[in-house]
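Comments concern the structure below.
The values are calculated or read from the model by the stated rules, or taken from the named source; none is laboratory data. All values reported here derive from a predicted model rather than from experimental measurement. Positions of Cβ are generated from backbone atoms using ideal geometry, with glycine treated the same way; all protein chains shown enter the neighbour counts. Areas reflect the complete protein model, heavy atoms only, side chains present, ligands, DNA and RNA absent. Shrake-Rupley method; radii C 1.70, N 1.55, O 1.52, S 1.80 Å.
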Amino acid sequence: WIFSSSILAILIISTIWFISESNAVQKEISSLKENALEYQKAELKKEVLNLIAYLKFTQQDTVGYSQEQLKSKALRYFESVRFGNDGYIFVNTYDGNALLFNGKKLEEPKRMSDLNLPSGINLYETEMNLAKLPGGGAFQYEFMKIDDQKSYPKMSYIIGFDQWEWILGAGDYLDNLDNRVMLMEKELKKNLYKGLLIGLGSFIPMLLLLLFLSSSSSSPPPPRQ
C-alpha cells in the first residue's frame with residue numbers, strides 16, 4: 001500500500017510540475033517572440049530616422065542642386081542602403097507612386113495605389129495611414145525578397161516626409177528572426193525535458209527503498225525456537 005501510494009504521489013507531483021514548467025516555458029517563448037519583434041521594429045525605425053536626418057541635411061544644399069536633383073541624389077543613396085539580413089529602403093509618394101521599389105530606384109514612377117497583396121492588404125493605403133501618424137508606425141505582411149519570387153513574412157516601418165510628400169519605409173524579413181526564436185524555443189524545451197528526466201531519476205532510488213521497506217514489512221516473522 002505504501003509503495004503504491006508513493007508511486008501515485010510521485011506521478012501526481014511530476015505531472016503538476018511538468019504542467020507548471022510547460023506553462024512557464026510557453027510564456028517565455030511568447031516573451032522571446034514579442035521581444036524579438038519589438039527589437040526588429042526599433043531597428044527599422046532607427047533606419048528610417050537616419051533617412052529623415054539625411055534628407056534634412058541634403059535639403060540645405062539648394063545652391064549646387066535643384067530640388068529634383070536633390071531628390072534623385074537621395075534616391076540613389078537610398079538604393080545602396082542595406083541592413084539586417086535582407087533589409088532595404090523603399091520610397092513612395094503621397095499620391096501613390098513608387099520611386100524606390102524593391103530596393104531599386106525606378107526610372108519611371110510605378111503606380112502603387114492599386115497594388116493589393118494576396119492577404120488583402122493594400123500597401124499604399126496602409127503605408128499612407130502610417131505616414132500620417134506622428135513618428136510613423138510599423139506593420140507586418142508577406143512580400144517577395146529581392147532575388148526570390150516566394151513571399152516571406154516581413155515587417156516595415158513607415159514615416160512620412162511632408163516636405164517632399166514622400167513615404168519613407170525600411171523593411172526586413174522575419175524568417176531569419178523566426179529561425180533564431182525557434183532555436184531558442186528548442187533549447188528551452190530541451191531543458192524542460194531534461195529537468196523532467198532528472199526529477200524522475202531522483203525518485204527512482206526512493207522508490208526502490210520504499211519497495212525494499214514494503215517487502216521487508218510484509219515478510220512473515222521468523223519462527224520462534
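Is there a residue in the range 58-65 that is in a helix (DSSP H, G or I), open to solvent by less than 40 Å² (accessible area, probe 1.4 Å) and in contact with a Leu (Cβ under 6 Å, 6 or more places away or on another chain)? The answer is yes, given that some residue of the range 58-65 is in a helix (DSSP H, G or I), open to solvent by less than 40 Å² (accessible area, probe 1.4 Å) and in contact with a Leu (Cβ under 6 Å, 6 or more places away or on another chain). Note on the range 74-103: residues that are hydroxyl-bearing (S, T, Y) and over 23 Å from S151 (Cα atoms) total 3.
Here Y152 fulfils each of the conditions (1) assigned to a loop (DSSP other than H, G, I, E, B); (2) at pLDDT below 90; (3) under 23 Å from the mean Cα position of the chain (by Cα) apart from (1). If the condition is being open to solvent by less than 20 Å² (accessible area, probe 1.4 Å) and acidic (D, E), then the range 100-142 contributes only E127. Among residues of the range 103-121 that are without any contact (Cβ under 8 Å) to a residue 40 or more places away in the chain, those with a beta-carbon under 9 Å from a residue that is open to solvent by 80 Å² or more (accessible area, probe 1.4 Å) at least six positions away or on a different chain give the pairs K105/R76; S113/D95; S113/E125; L117/E142; P118/E142; S119/E142; I121/E142. Within the range 81-99, the residues that satisfy the criterion of being more than 21 Å from L174 (Cα to Cα) and either open to solvent by 10 Å² or more (accessible area, probe 1.4 Å) or assigned to a strand (DSSP E or B) (or both) are N92, T93, Y94, D95, N97, A98, L99. Residue pairs whose Cβ atoms lie under 9 Å apart, separated by 6 or more positions or on different chains, with the first residue in the range 24-35 and closer than 14 Å to L174 by Cβ and open to solvent by 50 Å² or more (accessible area, probe 1.4 Å) and the second part of a helix (DSSP H, G or I) and of a type outside the set (F, W, Y), are K33/L177; K33/D178; K33/V181; K33/E185.
Annotation note: of Y88, Y54, the sole residue that is aromatic (F, W, Y), touching a residue at least 24 places away in the same chain (Cβ under 8 Å) and in contact with a Phe, Trp or Tyr (Cβ under 9 Å, 6 or more places away or on another chain) is Y88. Is it the case that some residue within the range 163-182 is in contact with a helix residue (DSSP H, G or I) (Cβ under 8 Å, 6 or more places away or on another chain), loosely packed, with under 14 Cβ neighbours inside 10 Å and modelled with pLDDT under 90? Taking every residue of the range 163-182 in turn, at least one turns out to be in contact with a helix residue (DSSP H, G or I) (Cβ under 8 Å, 6 or more places away or on another chain), loosely packed, with under 14 Cβ neighbours inside 10 Å and modelled with pLDDT under 90.
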